[in-house]
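Reading through the structure tokens given below for one structure.
The values are calculated or read from the model by the stated rules, or taken from the named source; none is laboratory data. Nothing here was measured: the structure is a model prediction, and the numbers come from that model. With ideal geometry, Cβ positions are generated from the backbone for all residues, glycine too; neighbour counts draw on all protein chains shown. Please note that ligands, DNA and RNA were not included when accessible areas were found on the heavy atoms of the full protein model with its side chains. Shrake-Rupley method; radii C 1.70, N 1.55, O 1.52, S 1.80 Å.
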Amino acid sequence: MNPPAVTAFAETAALYAVMNEDLPDARRIVGDMLPGERAQLAQQLDQLRELLGPRCDGCDALTPIGTSVLTDALSPNRQYLCRDCAAARTPAPAT
């Protein structure tokens, strides 16, 4: 069977292999790329990852874009949290 036309480019062929859980083929494809091609692919994947939104530092879930909460913004201990983790971390109001 012929692979889909999307695999005409090494970058998309590697992604297609990952999507199909064929990591040996993905490793082979990436291993055949030149260093500059791998660097360019890494940059493109970083850009795509940013478009997906951040992961919650509390539960590691992918947070919906624009909904993560930054805690302790000026501290080296700052975290991006989903709404659930941020709510769990916020102390209950004193009664």
(message) I'm checking my understanding of the structure. Among residues of the range 64-90 that are in a helix (DSSP H, G or I) and under 23 Å from L51 (Cβ atoms), which one is least open to solvent (accessible area, probe 1.4 Å)?
(response) A86
(message) Need the failing condition index for E11 against (1) without any contact (Cβ under 8 Å) to a residue 24 or more places away in the chain; (2) over 30 Å from Q79 (Cα atoms), just the number.
(response) (1)
